[in-house]
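Beneath this line is the structure, given in structure tokens, with notes to follow.
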Amino acid sequence: MTVREETYTPVAPQKQASPSPTRGWLGVAAITASLFVFLTTELMPIGLLTPLSESLGVSVGAAGLMVTAQGVAAGLGVPFIVAWTRRVNRRRLLSTLLAVLAVGNLITSVAPNYPLILGTRLIMGFASGVFWAIGVSMAMRIVPEKHANRAAAVVMSGISIATVVGIPLGTLLESASDWRTTFLIWAGLSALVFLAVALTIPSLPSANAVSVREVFGLPVRNVPLRVVLAMVVFFVLGHFGAYTFVRPYLEESTSATVGFITVVLIVFGIGGAIGNFIGGQTVTKSLRGSFIAGGLLLIAALVMLLTIGTNEVGVIAAMVLWGIAFGVVQLSQINMTLAAAPETFEAAMSLNTMAYNTCIALGALVGGLFADHAGVTSVVWFGIALVALAVILRAATGRRTTPAN
């Protein structure tokens, strides 16, 4: 199968379902809401570390493992679980994942000790990883094929919504009550999304019957997919290596206050939403060009942060551009995965998710080593270098690729 990437037309990863157009878009909204509750649940402890550590009698660093544990489980477990559930109807599978999320948040809200919470977060991480592998594919199947890419863009906007609304809202709820009440409310939200999925998404039989051995064999025999995964590794290492240390960088370079840093993170999320919209328009015209342009914009944003990011106006400008670039690249890399493995998209996305989540942790680790030994500014240069490698790799690959089937 030959895939022309310069004039890429999104193709549904499996046979399209045939709901009414209205129900199809309601289903896309339900999947977007699913992404919102999964992502906010995963990142919620970031804004609650101090009260969590004080209440549970653990250090702030140990409390932070609630995020790490869920992220690592999401990355390492997903290829196996996607393969083991390869014959399960996707609506039923997503409903199960949301049930796990709702129960997990409920247990977290009443758990008497930290080990139980950490174990619960690990299980929730497995559910989160599977959602990332199947969610976009489901959205693309329940709308008319010509709108598949728009559906993917809408779902990915859930990332920006979680960043701009979800995480600050969780912090606000905690300040008005306590962290247990916050997780209890999120358990209720997860249950509501569960109902929305059950009511709006049609039956979606799985057509990706791929075993564990075949999942891990995909990049061996599919060169384009292997290239995409390499680009994901470089990009995620660079982006998250730098993004993880935005706060200490701004505190050092501009003496930024906590209030300003909060504004900066919200601005980044808004930029990401804009980038998702732009990417939804450009990837159908030039998938390869969209990734390259997004990567170059991200590099430009980091350079701006180093050069004019010494005042608040410069920082805001750089973070808006960074968010836009991230939104474009994020959508591009998902469509690149689909273009490389259209017949085994869920399996390919499970590998993408594994690489993505693992590299988030590695990016933070390597970035921390740079920050400790060469100063926090070096982390920004690390981000520039790794994103540049991703852009160079994309630019060096041909306009036509021939994935093996």
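The values are calculated or read from the model by the stated rules, or taken from the named source; none is laboratory data. No experiment lies behind these values; they were computed from the predicted model shown. Every residue, glycine among them, receives a Cβ derived from its backbone with ideal geometry; neighbour counts consider all protein chains shown. These area figures cover heavy atoms from the full protein model, side chains too; ligands, DNA and RNA do not enter into them. Shrake-Rupley method; radii C 1.70, N 1.55, O 1.52, S 1.80 Å.
Between THR358, THR353, THR307, which is at pLDDT 90 or above, closer than 28 Å to VAL267 by Cα and not hydrophobic (A, V, I, L, M, F, W, C)?
The conditions single out THR307.
Pairs under 6 Å by beta carbon, first residue in a helix (DSSP H, G or I) and at pLDDT below 75 in region 44-62, partner polar (S, T, N, Q) and surrounded by 12 or more Cβ atoms within 10 Å (Cβ to Cβ), six or more apart or different chains?
These pairs meet every condition: GLY47/THR171; VAL60/SER53.
Report yes if ALA301 is open to solvent by less than 10 Å² (accessible area, probe 1.4 Å) and without any contact (Cβ under 8 Å) to a residue 40 or more places away in the chain, otherwise no.
In short, yes.
Being touching a Lys or Arg at 6+ places or on another chain (Cβ under 8 Å), modelled with pLDDT of 90 or more and surrounded by fewer than 24 Cβ atoms within 10 Å (Cβ to Cβ) narrows it down to one residue among SER95, SER109; which is it?
Selected residue: SER109, the only one of SER95, SER109 that is touching a Lys or Arg at 6+ places or on another chain (Cβ under 8 Å), modelled with pLDDT of 90 or more and surrounded by fewer than 24 Cβ atoms within 10 Å (Cβ to Cβ).
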